[in-house]
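The values are calculated or read from the model by the stated rules, or taken from the named source; none is laboratory data. Being a predicted model, the structure only gives us computed values, none of them experimental. Backbone-built Cβ (ideal geometry, glycine too); neighbour counts: all protein chains shown. What goes into the accessible areas is simple: the full protein's heavy atoms, side chains included, and nothing from ligands, DNA or RNA. Shrake-Rupley method; radii C 1.70, N 1.55, O 1.52, S 1.80 Å.
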Amino acid sequence: MAVGKVTFTKVEREKLAEVLCLLNWISVVTGTILFGLGLFLRQGILYVPHMLITTGLAACCINFFGGKICLDCADTNKFLRWKLVMMPYIICTFFFTSCVLAGALMCYGIRSQMEESLFMGLRNAMRYYKDTDTPGRCNLKRTVDLLQIQFQCCGNTGYRDWFQIQWISSRYLDMSSSAVVDRMRSNVEGKYLMDGVPFSCCSTFSPWPCIQHHLSTSSTQDEQSRQLNLWRRGCRQALLDHYTGIMQSIGLTVLLIWLFELLVLTGVRYLQTAMENVLRLGDPESESDGWFLENSLAETAWSNFNIIKNLGKCYQVDDDPNINVPTAAAEEELPSQQVQVLVTS
Amino acid sequence: MLLKITFTQQRRVRLAQGLWLMSWLAVMSGAFIFCLGVYLKTELLRRAEVMDNTEIHVVPNILMMVGLVSIGTNWVATRVCQDSLDASRFPRWKLLLMAWFAVAVLLCCLLLAVVVLSYALQGRLEESLKVGLRNGIRFYKDTDVPGRCFQKETIDRLQMEFRCCGNNNFKDWFEVQWVSNRYLDFTSKDVKDRIRSNVDGRYLLDGVPFSCCNPASPRPCLQYHLTDNSAHYSYDYQAEELNLYSRGCRQALTDYYMEMMNSTGPGVLSVILIQMSVLVSLRYLQTAVEGATALEDPEGESVGYLLEKGVKETFEDVKANVLNILKFAQVDPSAAEGSPGAEDAEKPADNTTEKAASPTPSPAS
């Protein structure tokens, strides 16, 4: 019994072919959207941009091809050209859509990998904040400042991270001053630590001018109001939220595209089976059935399994009455001779 | 005849087809002009808090209006093209085409005016920004006054986004009190000295807000005691360049908007070109088709032209027509004086539930 059988008249078949052609062209457009998204994200969130680029390109090619096929399929004569290609095309597209689905699910699973790499990256950037004269690190100050301003965050987990590193370069410290020397001697590594933060931690939403220094000893405001002065969020959290948001929206887009491709694929399958049945019936004007699978799911699976099982044993087809089944491996030559006899007669 | 061209039937068909395509192109360019106007308007509105007046808004307003009218006008041109080769349907467009040409010329003139205005209004924009920024800096500290409480945030974000400081430069901050009295410790000697040191009793300091700090500076930002070389180690006030943003916000904003309007210049000029070519082609099509319908053989050759008579004669004709219309309008009021009088008479007559049968001039109540 056929799975999902639908009867098509000639007019309905032509309509289906037209609609599928249009949908295929829309899929080409969505493929280009994916490609564009991949290019846009090329700043490299791991391997996701490359996946998007390849998926987008593949979608464009496959759907372009599919659009051409569907355009020809309305007419039975032109369908004959594509008859043999259609089944491989459908299988190919099915695998492709599963790849698209896998890609979409990957987008959602990326969060944990990002967190670790962000933590390490930010910690190093803050450590080398003061090294504006070291080649290779001279831009880190600017990068961290712009990052804190843009993402409205301060430090790794909070503003106190700045208390533990020396972010003022020794070039700008007056080594002859006793205050400076005392501070540097007060810790093991000889770093000039202070309870202050860079200016980029200042919040624009605060109603009063920014207090950056002497944060632990400030007596004019209490702890809660001081919190308003600086950005409260840590940059790791801010960046994580930002990139997770991007990933989720990309994942959603790719999922929607996957659903669309599946719809197009189902339509192409129905069109293929309907056209084949029309050819079998012989009358191009008649109604024909289109289906998803010719037999039930179990039977199709079993027959496919048999085909694959017998792929390597082409001389031992069990259900062909014209060939004697040899009982021993040495007699394999017999069936081939018998086949030859049949052909010549 | 001015610039006449002979058209065979084949050529007329080609002209109609080409014009149809070009009219749709003109519709797209009308939409482009509209979107350009919308974009400019939103950009100007975003910074409306630091602008004193809205004179500069005339540029995007004209662009939006011209865009909309252009879409409608060129859509009408496509309809005319479709009907042009059908002898029964073309005559009904005759009257409309005269008005269409006038509207198209007006649109081109308006677009040219926009290009000129965007250069001419630069001075007004600078003035508006100067006053707006001065107020913004003055009210920076008033975060508790309703109506001004967002000035601090606006100015901070502006300075960070456009990488600028103050009105002309960072020294503008030395002349205003930008730290509110709420956050000053009046028991401190330093604060009291500073307040007493000037006539108005303001707390002035040689410091700037944090938003003036330049992230590209190799040194952590110095905000306070900027003129005092001894306050910071290895610091020279005159030689220090990268610590703060050196540009003034007025200059930064003016440059930004001028660049935006200049970059739209080529686009607007090409739209003018497209509109003019649609106008010229439509004129040729109209005259050629009208000439063809007047022939005995409608499929034969006809002559298309821009103007039937020379430029001077056409101008005289148009002037005469316009004067005629004006004279006609002048003649009418004297004859129509009776009827408005009748209407006035009917109103008080209606109040008394009496309908006046004949127009009798009566004083209006």
Go through the range B:152-173 residue by residue and tally those that are open to solvent by 30 Å² or more (accessible area, probe 1.4 Å) and either under 19 Å from A:Asp145 (Cα atoms) or polar (S, T, N, Q) (or both).
-> 7
Filter result for B:Lys130 (out of contact with any Leu (no Cβ under 8 Å at 6 or more places or on another chain), open to solvent by 60 Å² or more (accessible area, probe 1.4 Å), in contact (Cβ under 8 Å) with a residue 60 or more places away in the chain and not in a loop (DSSP other than H, G, I, E, B)) = yes
Regarding A:Thr157, is this residue in a loop (DSSP other than H, G, I, E, B) and facing chain B (nearest Cβ under 8 Å)?
-> no
B:Leu110 meets each of (1) over 25 Å from the mean Cα position of the chain (by Cα); (2) farther than 25 Å from A:Ile149 by Cα with one exception, condition (1)
Check on B:Trp178, within 12 Å of another protein chain (Cβ to nearest Cβ) and in a helix (DSSP H, G or I) | no
Only one residue in A:Met87, A:Met126, A:Met120 is more than 14 Å from chain B (Cβ to nearest Cβ), assigned to a helix (DSSP H, G or I), among the aliphatic types (A, V, I, L, M) and touching a helix residue (DSSP H, G or I) at 6+ places or on another chain (Cβ under 8 Å), so which one is that?
-> A:Met87
Consider B:Ser211 against the criteria (1) assigned to a helix (DSSP H, G or I); (2) surrounded by 14 or more Cβ atoms within 10 Å (Cβ to Cβ); (3) more than 14 Å from chain A (Cβ to nearest Cβ): it satisfies all of them except one. Which criterion is unmet?
-> (3)
Report whether or not A:Phe79 is touching a residue at least 24 places away in the same chain (Cβ under 8 Å), open to solvent by 70 Å² or more (accessible area, probe 1.4 Å) and closer than 30 Å to A:Ser286 by Cα.
-> no
Quick check, is B:Ser188 within 12 Å of chain A (Cβ to nearest Cβ), in contact (Cβ under 8 Å) with a residue 40 or more places away in the chain and either among the hydroxyl-bearing types (Ser, Thr, Tyr) or surrounded by 17 or more Cβ atoms within 10 Å (Cβ to Cβ) (or both)?
-> no
Quick one: in the range A:170-207, of everything that is among the small types (Gly, Ala, Ser) and open to solvent by 60 Å² or more (accessible area, probe 1.4 Å), which residue is nearest to the other protein chains (Cβ to nearest Cβ)?
-> A:Ser176
Residues satisfying the stated conditions in the range A:67-84, i.e. closer than 18 Å to A:Leu293 by Cα and among the aliphatic types (A, V, I, L, M) | A:Leu84
Can you name the residue in the range B:134-150 that is within 11 Å of chain A (Cβ to nearest Cβ) and touching a helix residue (DSSP H, G or I) at 6+ places or on another chain (Cβ under 8 Å) and, of all such residues, is least open to solvent (accessible area, probe 1.4 Å)?
-> B:Tyr140
Considering (1) assigned to a helix (DSSP H, G or I); (2) away from every other protein chain (no Cβ under 14 Å), say which one A:Ile149 fails and leave the rest.
-> (2)
Condition test on A:Gly245, is it modelled with pLDDT of 85 or more, farther than 30 Å from A:Asn77 by Cα, away from chain B (no Cβ under 14 Å) and in contact with a Ser or Thr (Cβ under 7 Å, 6 or more places away or on another chain)?
-> no
Among the residues of the range A:102-117, is there at least one that is in contact with a helix residue (DSSP H, G or I) (Cβ under 8 Å, 6 or more places away or on another chain), surrounded by fewer than 14 Cβ atoms within 10 Å (Cβ to Cβ) and either within 14 Å of chain B (Cβ to nearest Cβ) or part of a loop (DSSP other than H, G, I, E, B) (or both)?
-> no
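Residues are listed down the side, and each one gets a yes or a no for (1) assigned to a helix (DSSP H, G or I); (2) modelled with pLDDT of 90 or more:
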residue	(1), (2)
B:Asp156	yes, yes
B:Gln159	yes, yes
B:Arg194	yes, no
B:Gly201	no, no
B:Gly207	no, yes
Yes or no: B:Leu244 open to solvent by less than 20 Å² (accessible area, probe 1.4 Å), within 14 Å of chain A (Cβ to nearest Cβ) and at pLDDT below 95?
-> yes
